[in-house]
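What follows draws every value from the coordinates through simple rules; no lab data is involved. From a predicted model like this one, the values you see are computed outputs, not experimental measurements. Because the Cβ atoms are built from the backbone with ideal geometry, glycine has one as well, and the counts that use them run over all protein chains shown.
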Amino acid sequence: MRPQEGPIIESSINNGAGLSAPSVASAAATRDLAVRIAEIIAESPAADTVVLDIHELSSFADYFVICSGENERQLRAIAETITTKLAEDGVRPHRVEGTPASGWVVMDYGDAIVHVFDADQRDYYRLEALWAEAPTLLVIQ
């Protein structure tokens, strides 16, 4: 039998031997980040903030933080408040998509994704309904 050439690819087939699983500390840190974002949002003009725990249903994130603003000015204030307060903690988004004028701003903080909607866009995309199987971690009215 010839020795195997090239890299050895580890997978769940071998019970994950050699793979690094997410640590409990990083999972707790991500949860803390999602809760921190919700607390920051509570200090802004946002309404109907929801934190969904999607980690069992998603491969791209662990939490969605969803909130609404009434107009473009409020969406801008909400997004800027989140960015500013987290930057004070040394946390910056990997990417920000959308604009307040579009009615939807998405802020990617790694395993915590923030959706800042106006009411029409939130009703149209219905993220809470699409992710209905996800447990709700927090609701702020």
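When Rg is the radius of gyration of the Cα atoms in region 54-135 and Rh is its Kirkwood radius, what does Rg/Rh come to? Can you show the working numbers first?
Details: Rg = 12.7 Å, Rh = 13.1 Å.
Rounded to two decimals, Rg/Rh equals 0.97.
Placing pseudo-labels 7 Å out from each Cα toward the beta carbon at Glu72 and Ala47 gives an inter-label distance of 2.0 nm. At full extension, Glu97 and Asp32 could sit 21.1 nm farther apart than now, given 0.36 nm per residue minus the alpha carbon distance. Take each peptide in 125-133, 97-105, 72-80, count the other Cβ atoms within 10 Å of every residue, and average; sorted highest first, the result is 72-80, 97-105, 125-133. Within the shell of other residues whose beta carbon sits under 10 angstrom from the beta carbon of Pro100, the net charge comes to -1, with Lys and Arg scored +1 and Asp and Glu -1. Annotation: amide H of Leu138 within the under-5 Å range of Val51, sequence separation 5 or more or interchain, hydrogens built in the peptide plane. Of the beta bridges in region 60-141, as assigned by DSSP with both residues counted there, near 55 percent are antiparallel.
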